[in-house]
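Trainee: Have a look at the structure that comes next, please.
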Amino acid sequence: MIKITKYDRMLRSLLKAKRGKNGAIQCSRCGRSYPLDDCAQVHVSHFFGRANWAVRLDEENVDFHCHGCHQYLGANPHIHAEWKREQLGEERYRALVLRAHKTIKELYGVKKGVYLDQWYEQAKKELTDF
Ligand SMILES: [Zn+2]
């Protein structure tokens, strides 16, 4: 089990602000709606898993999925890949795959710690603009 960090919590808050509507969040696969704070039913779901820091906080790598869809896609990686490719379109999907295979240093030109600090500050700013 991968430890949930303050960055993950910030990402969840930011995505809730960006993707939530009228106090509810929708599963991006089945479309079912859940209350914004129902962490048990609606999960932050990574296409490339949390072990991959290059895209762990990358918004295109992350979806809200209900418990059922998250489990189903986790158990069926080929279907998950097809679903993701369709969701993003070919070009963005390929770009995400490329990002996932690079290092933070290659992507952002700084070490992981610097990148995380910068990402966090940026996310905090974005969140207060909502
Ligand atoms: Zn669902």
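Read-outs throughout are calculated quantities, based only on the coordinates presented, and are distinct from any laboratory measurement. Worth saying up front: this structure is predicted, and the values here are computed from it rather than measured. A quick note on method: Cβ atoms are made from the backbone with ideal geometry, for glycine too, and the neighbour counts reach across all protein chains shown.
Trainee: Just give me the residues in the stretch 7-25 being touching a residue at least 40 places away in the same chain (Cβ under 8 Å) and of a type outside the set (Asp, Glu), in sequence order.
Mentor: Listed by number, the residues that qualify are Tyr7, Met10, Leu11, Ser13, Leu14, Leu15, Ala17, Lys18, Arg19.
Trainee: Also: Take residues that are under 14 Å from Tyr7 (Cβ atoms) and either without any contact (Cβ under 8 Å) to a residue 12 or more places away in the chain or not acidic (Asp, Glu) (or both) and tell me which of the helices (runs of 4 or more DSSP H) falling wholly in the stretch 30-130 contain 1 or more.
Mentor: Result: 53-56, 104-108, 112-128.
Trainee: Could you list, in sequence order, the residues of the stretch 54-98 that are under 20 Å from Arg12 (Cβ atoms), surrounded by 14 or more Cβ atoms within 10 Å (Cβ to Cβ) and among the charged types (D, E, K, R)?
Mentor: Arg56, Asp58, Glu60, Asp63, Lys84, listed by residue number.
Trainee: In the stretch 99-130, how many are among the hydrophobic types (A, V, I, L, M, F, W, C) and exposed (fewer than 11 other Cβ atoms within 10 Å of the Cβ)?
Mentor: Residues in the stretch 99-130 being among the hydrophobic types (A, V, I, L, M, F, W, C) and exposed (fewer than 11 other Cβ atoms within 10 Å of the Cβ): 1 in total.
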